[in-house]
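Structure first, then comments.
The values are calculated or read from the model by the stated rules, or taken from the named source; none is laboratory data. Remember, predicted model here, so these are calculated numbers, not experimental data. Cβ placement follows ideal geometry from the backbone for every residue including glycine, while neighbour counts extend to all protein chains displayed.
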Ligand code: DON
């Protein structure tokens, strides 16, 4: 089964599974297909994380973008670098990431896994959600890149054919010659030329040096389930384990899921996990990350600081972080194959359509992931900007991510595969799906569709999705001292494996688009 945002890509993945490929083969084919069919987030010009596990083993592929050698600690400090500029792009990681996953797990020829993407890039029918996304991005005056407008610039309707011939050529080259060709061959030349012409920082030497990394996933437990989580440079796994460990100290399901008591408890947990994320998390190759964050003892101490009747002021948790005054897109897919091998993959261009810059001649969209670094050294604001040392820019460093691909196991068997887009809300989207499933026994569709909540320490407020904001709930939360706002969280495409029947239950998130495709 494959669950993802794009129906065409879901079917590409199931085609690979049906022809005998495993979940990683399918993931590689889906990732390259979405680089064509879901261009606002699917990519070869961005990066991400792939978590792979069966019932007993697990590993993690980190193909997060890295800062180019010319990047500097204070490059974003004066606010002059435009978020959609060439300087906002990190060194792309996706092609190396897929290569590494293929080397470790692939059973099908690399070329066969890219073939559907190459074909789709020659032309595919746009559906209603994609037509809307492209039309919307074209209406935005900040979409200025001429090559982007040349390729995508027209009024789209469902059924129109989107042709990306330069991208088709690049994908065909990767299919034929492998990832090295992308990082050292013609696409590297084209990317360097693009950067030099427009004041960007990425050079051929950055591309040649870029490596995807295999890392050990974080492992935790929650009420008898084993949680396989994303390690740094994701902040997601650490925050999820810290949150679940605190929640384990409470009888969460004592109150209904959207009662003031439960929403308050979750918000207090989220506030604390995000406070620690701000102080400690960054690229583990540059920053020492303390181990206590995911320990049960630490969680017990934090649990004792929660008052069940009163909101904690975020400011009171700042500790040594000085607080001052001063304000996308990603996609996730889940795959399980007939042998129970699971892939939880989240990858991104950062904002929607990334930098909205298409590399001339190579046809792919560049990320603007550099904006995930802490922008102003030393400046952490009440509005939510973080300025701590752990995630400051440095050459070769990976920027901290909130992407949180997660797999849950029970009794040595995979149970749930989930993840989401949504910037910092990703972590809390995954937390809500886990709590809904593990504490409230919701079906995967109910767990994914249920209204969610987000608290990220600063700004000091709970955002809740509309359908849960009954007047009574908001009044009670305000009486406890919370500020409450409304917002929407990401599409969490999820698979649950029924432990009794072994049946795969796929939930494509109703918030956006998507398909659960299986056989
Ligand atoms: O890695 C991260 O945390 C961000 N670049 C993700 C951005 C994102 O999810 C925006 N989309 N919805």
**Q.** Hits in the range 343-374 (condition: away from the ligand (no atom under 14 Å from the Cβ) and over 17 Å from residue 40 (Cβ atoms))
**A.** 343, 344, 360, 361, 362
Q: Looking for whichever is part of a helix (DSSP H, G or I), modelled with pLDDT of 95 or more and either within 15 Å of the ligand (Cβ to nearest atom) or more than 19 Å from the chain's Cα centre (by Cα) (or both) here; the options are 17, 51. Which one fits?
A: 17
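Could you tell me whether any residue of the range 439-449 is closer than 30 Å to residue 129 by Cβ, touching a strand residue (DSSP E or B) at 6+ places or on another chain (Cβ under 6 Å) and surrounded by fewer than 24 Cβ atoms within 10 Å (Cβ to Cβ)?
yes
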Q.
Can you go through 201, 219, 191 and tell me which one is assigned to a helix (DSSP H, G or I) and either more than 16 Å from the ligand (Cβ to nearest atom) or at pLDDT below 95 (or both)?
A. 191
Q: Might you let me know whether the range 320-331 holds any residue that is modelled with pLDDT under 95, within 16 Å of the ligand (Cβ to nearest atom) and assigned to a loop (DSSP other than H, G, I, E, B)?
A: yes
Q) If residue 87 passes every condition in (1) over 27 Å from residue 23 (Cα atoms); (2) assigned to a loop (DSSP other than H, G, I, E, B); (3) under 22 Å from the mean Cα position of the chain (by Cα); (4) modelled with pLDDT of 95 or more but one, which one does it miss? A) (2)
Q: Using the structure shown, decide if residue 69 is modelled with pLDDT under 95, away from the ligand (no atom under 16 Å from the Cβ) and either over 29 Å from residue 22 (Cα atoms) or not in a strand (DSSP E or B) (or both).
A: no
**Q.** Complete set of residues in the range 206-231 that are closer than 20 Å to residue 89 by Cα and crowded, with 21+ Cβ neighbours inside 10 Å
**A.** 206, 207, 210, 212
Q | Pairs, first at positive phi in the range 388-402, second away from the ligand (no atom under 11 Å from the Cβ), C-beta under 7 Å, six or more apart | A | 396/66; 396/67; 396/69
Q.
Residues to consider are 41, 31; find the one that is surrounded by 24 or more Cβ atoms within 10 Å (Cβ to Cβ) and more than 21 Å from residue 214 (Cα to Cα).
A. 41
Q. Considering the range 375-384 alone, what residues qualify as being in a loop (DSSP other than H, G, I, E, B), within 17 Å of residue 274 (Cβ to Cβ) and either within 15 Å of the ligand (Cβ to nearest atom) or touching a helix residue (DSSP H, G or I) at 6+ places or on another chain (Cβ under 9 Å) (or both)?
A. 382, 384
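Among 435, 475, which is surrounded by 18 or more Cβ atoms within 10 Å (Cβ to Cβ) and either more than 16 Å from the ligand (Cβ to nearest atom) or over 30 Å from residue 207 (Cβ atoms) (or both)? Talk me through it step by step, then tell me what you get.
Details: 475 fails: surrounded by 18 or more Cβ atoms within 10 Å (Cβ to Cβ).
None of the other options fit; the residue is 435.
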Q) Which members of the range 407-432 meet the condition of being over 14 Å from residue 273 (Cβ atoms) and within 15 Å of the ligand (Cβ to nearest atom)? A) 418, 419, 420, 421, 422, 423
Q. If we keep just the residues of the range 488-513 that are buried (at least 23 other Cβ atoms within 10 Å of the Cβ) and more than 13 Å from residue 444 (Cβ to Cβ), which is farthest from the chain's Cα centre (by Cα)?
A. 489
(Q) Tell me whether the range 455-462 contains one or more residues that are surrounded by fewer than 18 Cβ atoms within 10 Å (Cβ to Cβ), out of contact with any strand residue (DSSP E or B) (no Cβ under 7 Å at 6 or more places or on another chain) and closer than 23 Å to residue 256 by Cα. (A) no
